[in-house]
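Right, one structure below, let's go through it.
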Amino acid sequence: MKVVVIGGGAAGFFGAITCAQENPQAQVLLLEKTSKLLSKVRVSGGGRCNVTHHCFVPSMLAQNYPRGSKKLKEAFKTFGAGETIEWFKQRGVQLKTEPDGRMFPVSNSSETIVDCLLQEASKSGVKIKTSASVEEIEVLTRKDGITEFKLYLNNNSTILANKILICTGGNPKSAAYDWLRALGHAVQEPVPSLFTFNVPGSALKELQGVSVPKARVRVAGQKLEYEGPLLITHWGYSGPAVLKLSAWGARLLHEQNYNFTALINWIPDFSEESLREHLQNYRQAHPKKLVATNPLFGIPQRLWKALTKLAEVAEEIRWAELPAKNTNKLIEALIRAPFEVQGKTTFKEEFVTCGGIDLSQVEMRTMESRIQSGVYFAGEVLDIDGITGGFNFQAAWTTGFLAGSAMAKALSE
């Protein structure tokens, strides 16, 4: 019985390995359209591979997925972060946890993960064919009523399969999903997720490289906001606060053509009222201190100076001399600094899409299509995406495992 896995990324390899290990009788063939295998695994986490996240409660883990959260909750009960860690541990790969919960191989090299997956695939008898893309899938019904699939490849060859696992990843172009629509599947339109904000007119662009450990970023006029580390770049803003906000707001920001006002709160632990009181107390305690050159709240010196400039505070002004008008402007600059976002930039080389195969058409316990039996899906080709922090890979391991396991079982029945 032949299984063809389409896509040589994290989900494809995990599905192929699981199927081959759980059913040694299965002939598993993995097709990758490019000449490179596991390319996203290699570049992830700056070449270290952010394998998963240190979160072992399925319901809590599922909360990190703007799309797919509810459906993944049950899936994580079968194969979650704990199972991922154990899977790699049993194959000689130890993972470590960083303070923010991200988990990497102890080696700090993504090649450790790549080598592990390639070795497991080889040991399990998975055959791999690169530079082989599937152009079309034809559904065949044999005389005995059994369904088979005929795959038409880019080199004019064809392959017959009993089961297909589709792990072709996310794609920014809607037309890239047409061959799956041809099988009867509905596709949630793909739009980018996990991107940084371009602010060409930013008053802070000279501060590139300056970061704060906690800021709150909000989209003006919306309830959309996120809190976390923030980085000023030469093109605008990045860091987890921006990336996570972009994931939750992927569709909304796409609808706005990535033109909107971002409001940045540099000191989210303060309310306007408590900030006003704090500044008043500081003014009384340090009346002779210069406002612009004595940063408060742990804000970096250069950023503080830029924010006082936004508040039109002259460099020679002391706290005792600060007019009420400028105090109000300083409060605005600290908790509601407006920046006009005009466009986005893809985060490193880690392209993530919001959109893909509609989850209502997939049986999440097995990852089998409800539209066409014998067809399975895993990874980012589904309408599932996580925020930054190892969550997208965890979804790939989970859905790949469920699909591989289900195919192995179905072939033995």
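Values for this structure:
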| read-out | value |
| --- | --- |
| Within region 1-108, helices (runs of 4 or more DSSP H) holding 3 or more residues that are over 20 Å from A408 (Cα atoms) and in the same structural domain as K163 (by TED's automatic domain parsing) | 39-47, 58-62, 69-78, 81-90 |
| Meets criteria (in a strand (DSSP E or B) and not hydroxyl-bearing (S, T, Y)) for E340 | yes |
| Single residue of G356, G374, G343 found to be surrounded by 21 or more Cβ atoms within 10 Å (Cβ to Cβ) and closer than 30 Å to L38 by Cα | G356 |
| Condition check for A320: buried (at least 21 other Cβ atoms within 10 Å of the Cβ) and touching a residue at least 12 places away in the same chain (Cβ under 8 Å) | no |
| Given (1) within 20 Å of V381 (Cβ to Cβ); (2) of a type in the set (V, I, T); (3) touching a Ser or Thr at 6+ places or on another chain (Cβ under 7 Å), number of the condition T147 does not satisfy | (1) |
| Positions within region 289-310 being over 36 Å from the mean Cα position of the chain (by Cα) and hydrophobic (A, V, I, L, M, F, W, C), in sequence order | L290, V291, A292 |
| Residue count for region 131-157, restricted to those that are under 30 Å from the mean Cα position of the chain (by Cα), exposed (fewer than 14 other Cβ atoms within 10 Å of the Cβ) and part of a strand (DSSP E or B) | 2 |
| Enumeration of residues in region 32-42 that are under 22 Å from G355 (Cα atoms) and either touching a helix residue (DSSP H, G or I) at 6+ places or on another chain (Cβ under 8 Å) or crowded, with 22+ Cβ neighbours inside 10 Å (or both) | E32, L38, K40, V41 |
| Condition met for F377 (at pLDDT below 95 and touching a strand residue (DSSP E or B) at 6+ places or on another chain (Cβ under 8 Å)) | no |
| Residue tally, condition surrounded by 14 or more Cβ atoms within 10 Å (Cβ to Cβ) and farther than 14 Å from F14 by Cβ, over region 86-96 | 1 |
| Tally, over region 249-275, of residues that are farther than 30 Å from E189 by Cβ and surrounded by fewer than 16 Cβ atoms within 10 Å (Cβ to Cβ) | 5 |
| Odd one out for T158 among (1) at pLDDT 95 or above; (2) more than 20 Å from V139 (Cβ to Cβ) | (2) |
| Condition met for I128 (of a type in the set (A, V, I, L, M, F, W, C), at negative phi, loosely packed, with under 13 Cβ neighbours inside 10 Å and more than 24 Å from the chain's Cα centre (by Cα)) | no |
| Considering residues of region 368-413 that are among the aromatic types (F, W, Y) and assigned to a helix (DSSP H, G or I) only, the residue nearest to L243 (Cα to Cα) | F391 |
| From K123, K70, K127, residue being at pLDDT 95 or above, more than 26 Å from A26 (Cα to Cα) and not aromatic (F, W, Y) | K70 |
| Odd one out for L194, checked against (1) farther than 25 Å from S35 by Cβ; (2) among the aliphatic types (A, V, I, L, M); (3) exposed (fewer than 15 other Cβ atoms within 10 Å of the Cβ) | (3) |
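The values are calculated or read from the model by the stated rules, or taken from the named source; none is laboratory data. Fair warning: this is a prediction, and the values are worked out from it, not measured in the lab. Glycine gets a Cβ as well: all are built from the backbone with ideal geometry, and neighbour counts include every protein chain shown.
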